[in-house]
Amino acid sequence: EPEVTQTPSHQVTQMGQEVILRCVPISNHLYFYWYRQILGQKVEFLVSFYNNEISEKSEIFDDQFSVERPDGSNFTLKIRSTKLEDSAMYFCASIGTQETQYFGPGTRLLVL
Amino acid sequence: AQTVTQSQPEMSVQEAETVTLSCTYDTSESDYYLFWYKQPPSRQMILVIRQEAYKQQNATENRFSVNFQKAAKSFSLKISDSQLGDAAMYFCAYRSAYTSGSRLTFGEGTQLTVNP
């Protein structure tokens, strides 16, 4: 069964550094998403992406965040200058014709 | 804006018993989707069940079923014959059907413990 994949599974970085989180959505899906989950909290929407542009973003998704689909398979989230509060689990998701979002296994980001 | 509320931070159940997790939501829309996701200790988000608001029939997936009360804006999850592997955090989520590709809005989650 097709699945969403994410790399890396864990990332440790220093405050102020740039990180890029990578996702490979399910191949025939059209909408892609990033969510984050701070430890012990609920899952929060960051951004959705369709037809090579952002279709919706939350108030969390400020100028330090960007998304890109550099080729036909990858979908990336870049955090330009990480802060301590960016430490979280970051989930990629994609959606197909059944309107159900399927999630990747997540990238655990720790900012020191 | 839509909101989702899960009022039970923790629940426990004996193995083989039945447990019901509660979820309420607030929306002015009439067409939407509701989901339950399971998050085990690995923290992966696994879809358990989904319900379309226009369908009156409650969704069922094996041991998992929902009680969807549209007028009351309630969407509870019933797990029958609970198994140790059901222990996880469960999130209720809402998605508008009016906009293609719209976001999921999650509740705070309910931590389910299954006792042997």
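The values are calculated or read from the model by the stated rules, or taken from the named source; none is laboratory data. Given the structure is predicted, the values throughout are model-derived calculations rather than measurements. FYI the Cβ positions are ideal-geometry reconstructions off the backbone, even for glycines, and counts take in every protein chain you see. Each accessible area value is taken on the protein alone, full model and side chains, heavy atoms only, with ligands, DNA and RNA left out. Shrake-Rupley method; radii C 1.70, N 1.55, O 1.52, S 1.80 Å.
Assorted remarks:
- Label point at B:T18 placed 7 Å out along Cα→Cβ; residues across the range B:69-91 whose backbone nitrogen lies under 16 Å: B:76-83
- Theoretical FRET efficiency, 1/(1+(r/R0)^6), r = Cβ-Cβ of A:E3 and B:A71, R0 35 Å, to 0.05: 0.40
- Among A:R22, A:R80, A:R36: highest mean-square fluctuation, GNM of chain A, C-alpha pairs under 10 Å: A:R80
- Stokes-Einstein D (µm²/s) once Rh is taken as the Kirkwood radius of the protein assembly as shown over alpha-carbon pairs, at 25 °C in 0.890 mPa s: 135 µm²/s
- Accessible surface buried at the A:B interface totals approximately 1900 Å², computed with a 1.4 Å probe on protein heavy atoms.
- Nonpolar atom fraction for chain B, defined as the carbon and sulfur part of the 1.4 Å probe accessible area, stands at 45 percent.
- Longest exposed-site-free window of chain B, the sites being chymotrypsin sites (Phe, Trp or Tyr not before Pro) in a DSSP loop that have at most 15 other C-beta atoms within 10 Å: B:1-53
- The GluC sites (Glu not before Pro) of the range A:10-112 that DSSP puts in a loop, and whose beta carbon has at most 10 other beta carbons within 10 Å, are A:E59.
- Rounded percent of accessible protein surface that carbon and sulfur make up, chain A, 1.4 Å probe: 47 percent
- Förster radius 35 Å - calculated FRET efficiency between A:N28 and A:K83, Cβ distance, rounded to 0.05: 0.45
- Computed over chain B, the range of Cα coordinates on each principal axis works out to 43, 28, 22 Å, biggest value leading.
- Springs between Cα atoms under 10 Å define the GNM used for chain B, and in it the highest mean-square fluctuation of B:A93, B:A53, B:A72 occurs at B:A72.
- Evaluated with a Cβ-only charge set (Lys, Arg +1; Asp, Glu -1), the range B:45-91 carries a dipole of roughly 240 debye about its Cα centre, given to the nearest 20.
- Antiparallel %, DSSP beta bridges [both residues in chain A], to 5: 90 percent
- For the range A:62-92, a reduction of at least 10 Å² in accessible area between the chain on its own and the assembled protein chains (probe 1.4 Å) is found at A:M89, A:F91.
- Within chain B, antiparallel bridges make up roughly 85 percent of the DSSP beta bridges whose residues both belong there.
- Rolling a 1.4 Å probe across the protein heavy atoms gives the protein assembly as shown an accessible surface of 49 Å² per residue.
- Among residues other than B:A16 with Cβ under 13 Å from its Cβ, the summed charge is -3 (Lys and Arg +1, Asp and Glu -1).
- A:S81 sits among other residues whose Cβ lies under 13 Å from its own Cβ, and their net charge, with Lys and Arg +1 and Asp and Glu -1, is -2.
- Within the protein assembly as shown, DSSP assigns beta bridges of which about 90% are antiparallel (rounded to the nearest 5).
- Cα coordinate range in chain A, projected on the principal axes (Å, largest first): 39, 26, 24
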